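The block underneath contains the structure these notes are about, expressed in C-alpha cells.
The values are calculated or read from the model by the stated rules, or taken from the named source; none is laboratory data. If you're wondering where the values come from, they're calculated on a predicted model, not measured in any experiment. Here the Cβ positions follow ideal geometry from the backbone for every residue, glycine too, while neighbour counts run over all protein chains shown.
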Amino acid sequence: MTDLDPANINVILATDCGSTTTKAILIQKVDGQYRQTHRGEAPTTVEEPVADVTVGVTNAVTEVGELAGRKLIDENGEVIRPASGDVGCDIYISTSSAGGGLQMMVTGVIAEMTAASAKRAALGAGAIVMDTIATNDKRQPYQRIERIRELRPDMMLMSGGTDGGTVKKVVEIAELIPPARPRPRFGSGYQMPVIYAGNKDAAETVTETLGDSVALSVVPNLRPTMEVENLAPARDAIHDLFLEHVMAHAPGYDKLIKWTNAPIMPTPGAVGDILKTIAQRQGISAVGVDIGGATTDVFSVFPGADGEPVFNRTVSANLGMSYSISNVCAEATMPVILKWVHFDMDERELRNRVKNKMIRPTTIPQTREALVFEQAVAREALRLAYEQHKAFATTLKGVQQQRTVGDTFSQDTGGQTIVDDMALDLLVASGGVLSHAPRMEQTAAMLVDAFQPRGFTRLAKDSIFMMPHLGVLASVHPEAATEVFERDCLIQLGVCIAPAGKPKPGKLCFKYQIDGVAADDEFAEVLHHSGEIACGEMKLIRLPAEQEARVRVEPARGFDCGAGRGKPVERKVRGGTVGLVLDGRGRPLDFEAREEVAGWYEALELYPE
C-alpha cells in the first residue's frame, strides 16, 4: 500500500492487464480536479513467446507517455516514480485478468447455505468459480476427488458449518483434498493455496486432515451463525493469496508487483470496488453489467436486511456475445430472441450467422439486419444474466423469517432476492455490444429492455472501460477515483421513467409534466413539456446532459412509479446523451406483436433509415 499523502498525488498511472489487451490510462490534476487525460493500449504479453506481462505494460504506458508528452518509462523499461516536471508519475497501480483471471473452487456443507456464502465471497473478490462441492451435491466421493484433481484452480475456499455446529461434515469435505493431490495452474514448485473459513471448532481437525498436501490459511468463519455472513476476512485472504501465489507465479508478475504502489487486484474485483465506493458515497442502489464474448458479469449494491449496503457479483459463464452466443440462443430460444427483431429474418440464415460469430469472435455487424439481430441476442443475454444475479443476491437461506398467516403454506426459509428494481438508482453498462453500439439510443434501449427498471432509473455507460483502474485507485485515493468516475468514466445516457403494472391496450399508463430552466432558447420547449403516455407506448424526450429538470409523473390506477399504485411522484433529474425515456409498457414486460417493437424502435430513434 502506498504511504504517499493523497494531497501530493497529482499524476496517476493505471493499467489493466486483460486476457488479450493491456490498457493504460493517465489521470492528472487539472485546475484542482482529477481528470483522465490520456489512454493507450498494447497486446498483453503473458503468454508465449514473450511470457512476460511487463513487456505489454511497458508498450501501453509508452504510448500513453507519447500522447501526453510525458516520459513515463526509464532506460531499463521500468515505470518512473515519483513525478517531476513532465517526467514520471506519483503512483502506479494495476489490475489483471490475464491468463483467464482468478479461478477458484469453493466447498461447503450445504450447497444452499455455507457453500452459497463461500461462492459469494469468491465472486465478490473477483474470481471465476469453477465448481462448488457440497455434501448434498449428489456426487460420490470419488467423483468429487476427480473433479478437484482435473480442474486445477488457482486456489480453493473451504467453508462449512456455523461456529459450534457440525464438525463431522466439514472434515468429510476436507478428507477429499489430500487424495486429489490438487495442483495449481501456475508454478509447478508450489502447493495449492487453500483458505479455510468454516466452523472454528473444526479448524484444528481440518488442519491435521489436510497436513502438508496444501498451503492452508485459516480465517474467521464466513457464516458464523445462520443469520450472519462475514465475507470480508475470506475476501481479503483471496486478494492476498492472489497476489502472493497466483500473480507471483504468472510470467512477469513478480516484476510488476514491485512496480505498483498498491496490491494488484483481479479486474472484476476492482470493478466491484468502484461500484461499491460510488454507491456508498452517494447513498444509492446501483447495478453494473459487463458483457463480454464468453461471460457476462453483473454487479449490484442494494441495502440488506439490516439496511447496510450489500455487494453482490455473479458471473454468467455461459452467456456472451461471441464464444457463448450459441448458449444464449439455446437458453433464450430463437423465437424469444426474434421477438426483438422488427422485420422478417430467415431462421436458418441466423443459425449460420451465430456459428460464424463463434468461429470468428472479433467480427462486428456489417449490415443493419446483422446489428438488429446482435442487439436482440444481447437483450436476452443481459436478461438471463440479471435473472441469475437476482436468484443469487438473496437474503440468507436457512434463516427462519418472521411469518404471517399468508406464509403458513410456504416452506422456503429466507432466500428472497435483495435486488429491488424500483429502488434501483443507477444502471451502468460496459462491454463491447453496449459500449460500442453505433448509437447511444441503442445502448439505452438494450438496458431498459433487458433489466426492465421500474420508477426513475439513471442510465449510464463506461466510456472506455476504465472502471477496473478506478476500482484499485479507490483503495488508495477514493476522492480521485470518484471524481474521475463521475466526470470522465461515465457517459450519462439519461433517465428511464417506467411505472410498474399490467398494461391494458388503449388505456392511460401515466401523465407527465417536465419543467426546468433552459440554458438557452433551443431547449425551452423541451423543458416545459407535458403529456400522456398510453399503455404500450414509449416516448423519447431530448434533455441534454448539462440540463436539469423537475419531472412529475401521475400514474394511472394500477400503476406504481415508486410511491404506490396511482400515487404521483416528483423527481429532479439530469439529462444525458439520449435524454428521458418514458416507458408505458408496464412491468414485467409482456408483448407478442412485432408491430409493437417496430413502434418502440421508431419512438426511440434506434435504427433510422
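In table form, for the structure just shown:
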{"item": "Sole exception among (1) more than 19 Å from the chain's Cα centre (by Cα); (2) in contact (Cβ under 8 Å) with a residue 40 or more places away in the chain for Gly320, by number", "result": "(1)"}
{"item": "Region 488-507, residues that are within 20 Å of the chain's Cα centre (by Cα) and either assigned to a helix (DSSP H, G or I) or more than 17 Å from Pro544 (Cα to Cα) (or both)", "result": "Asp488, Cys489"}
{"item": "Counted residues, region 65-99 - those being part of a strand (DSSP E or B) and not small (Gly, Ala, Ser)", "result": "8"}
{"item": "Which numbered condition Ala305 fails, given (1) over 21 Å from the mean Cα position of the chain (by Cα); (2) at pLDDT 85 or above; (3) not in a helix (DSSP H, G or I)", "result": "(2)"}
{"item": "Qualifying residue in region 537-546 (condition: surrounded by 15 or more Cβ atoms within 10 Å (Cβ to Cβ), closer than 19 Å to Leu493 by Cα, modelled with pLDDT under 75 and in the same structural domain as Leu582 (by TED's automatic domain parsing))", "result": "no"}
{"item": "So Val328, is it touching a residue at least 60 places away in the same chain (Cβ under 8 Å) and outside the structural domain of Ala122 (by TED's automatic domain parsing)", "result": "no"}
{"item": "Long-range neighbours under 8 Å by Cβ, at least six apart or interchain, first residue within 20 Å of Val581 (Cβ to Cβ) within region 502-513, second surrounded by fewer than 16 Cβ atoms within 10 Å (Cβ to Cβ) and of a type in the set (S, T, N, Q)", "result": "Lys511/Ser530; Tyr512/Ser530; Gln513/Ser530"}
{"item": "Subset of region 1-46 that is in a loop (DSSP other than H, G, I, E, B) and under 19 Å from Gly77 (Cβ atoms) - its residue that is nearest to the chain's Cα centre (by Cα)", "result": "Thr44"}
{"item": "Answer from Thr362, Thr314 - the residue that is of a type in the set (Ser, Thr, Tyr) and part of a strand (DSSP E or B)", "result": "Thr314"}
{"item": "Region 456-468 - residue that is modelled with pLDDT of 95 or more and surrounded by fewer than 24 Cβ atoms within 10 Å (Cβ to Cβ) and, of those, nearest to the chain's Cα centre (by Cα)", "result": "Arg458"}
{"item": "Residue that is touching a Lys or Arg at 6+ places or on another chain (Cβ under 8 Å), hydroxyl-bearing (Ser, Thr, Tyr) and either more than 17 Å from Tyr253 (Cα to Cα) or modelled with pLDDT under 95 (or both), where the choices are Thr95, Thr114, Thr37, Thr21", "result": "Thr114"}
{"item": "Single residue of Gly432, Gly415, Gly506 found to be surrounded by fewer than 22 Cβ atoms within 10 Å (Cβ to Cβ), at pLDDT below 90 and closer than 26 Å to Gly558 by Cβ", "result": "Gly506"}
{"item": "Of all residues in region 585-608 being aromatic (Phe, Trp, Tyr) and outside any loop (DSSP other than H, G, I, E, B), the one that is surrounded by the fewest Cβ atoms within 10 Å (Cβ to Cβ)", "result": "Tyr601"}
{"item": "Pairs with Cβ under 9 Å, 6+ apart, first in region 26-48 and not assigned by TED's automatic domain parsing to the domain that holds Asn59, second of a type outside the set (Gly, Ala, Ser) and crowded, with 21+ Cβ neighbours inside 10 Å", "result": "none"}
